[in-house]
Ligand code: HPA
């Protein structure tokens, strides 16, 4: 089936058949995960904290209809196991497909549908993002309490097309997309963690979804900030839309991996009497704060342990109540 996502009835059938394949290779004790977790750039180490047994890993390439990620740092596998003190059965996506890789937005969100068919009730979505809010430092973690879906508002929405009632209603509300009780539990969970870096703080705010793959211009960063966004990134929001359509409870978190550059760059007419020395200085100004993918991955790596500890504590707390 080349583009099952063109028709939502077919998406449901495709999700059901992907889920059936997965059920056929997962041992019975792991077949009913209650929580799905999507790990963003560099955050997939969570799987190493699963109980060693039982545990199963399935490469995305083995799963019918699953999109594959081509991005460095996004190995694609679906891992089933038990997480934390409460041994909560979970399914973890290590790596995700992005819209900017060329997948349709429906394809990008297909794994959420499959996890819904597998029976999850809640989903935790993590990502790396650029900080727009000047109070945010690189290495901070932000719990999402709202989003701005730029591609979605412009027509690239994962729920566009015939509605599939098997998943949810035609016009889902998103005013309550980010579960308040989950956010509260996540803040409380963070306070319980003895080892988290004191240099890191847990924020809460608004994520702006852009399609990428370019990082934003300075003017775009200022626009996003003016519109109320605290961070900007290239994922998560399509998955949240599909998760909420399907009635899943959502917790989403961003790791701030770089500070987006809001200050306007130097003007050409300010540097008319150019010299090599001046242009050397200018290059420094222009390079300062420039986003790059390596920086994103390195920050992710350093902060990954704290983010993983938070996810584990959160899952223990929701599972024990
Ligand atoms: N912009 C968009 N996506 C990102 C960024 C950014 O600055 N950092 C990490 N992902």
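Just so you know, all these numbers are worked out from the coordinates, no wet-lab data involved. For clarity, every value in this text was computed on a predicted model and none was experimentally measured. Cβ coordinates were reconstructed from backbone atoms using ideal geometry, including for glycine residues, and neighbour counts include every protein chain displayed.
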TODO: Compute the acute angle (0 to 90°) between the alpha-carbon long axis of helix 293-320 and the principal axis of greatest extent of the alpha-carbon atoms of the chain; round to the nearest 10°.
DONE: 40
- [ ] Quick one: angle between helix 180-192 and the longest Cα principal axis of the chain, in degrees between 0 and 90, rounded to 10, please.
- [x] 70
TODO: Return one number: the angle in degrees, 0 to 90 and rounded to the nearest 10, between the long axis of the Cα atoms of helix 8-25 and the longest principal axis of the Cα atoms of the chain.
DONE: 70
TODO: Averaged over every viewing direction, what's the projected area of the C-alpha convex hull for segment 185-245? Give it in nm², one decimal, please.
DONE: 6.2
TODO: Provide Rg over Rh for segment 11-319; use the alpha carbon set for both Rg and the Kirkwood Rh (inverse mean inverse pair distance).
DONE: 1.00
- [ ] Mind telling me which of 149, 127, 163 comes out most flexible in a GNM of the chain, alpha-carbon contacts under 10 Å?
- [x] 163
Open item on the list: Within a 10 angstrom radius of the beta carbon, how do 267, 312, 222 rank from fewest other beta carbons to most?
Closed with: 267, 222, 312
TODO: Quick one: work out the % antiparallel among DSSP beta bridges in the chain, nearest 5.
DONE: 35
Task: Relative exposure of 82, 147, judged by other C-beta atoms within 10 Å (fewest first) - done: 82, 147
Open item on the list: As a test of the formula, what do you get for the chain when each DSSP H run with n ≥ 4 contributes -39,500 (n - 2.57) and the sum is divided by the residue count, at 222 nm and rounded to the nearest 500 deg cm²/dmol?
Closed with: -10000 deg cm²/dmol
Open item on the list: For 69, 53, which order do you get if you count the other beta carbons within 10 Å of each Cβ and list the fewest first?
Closed with: 53, 69
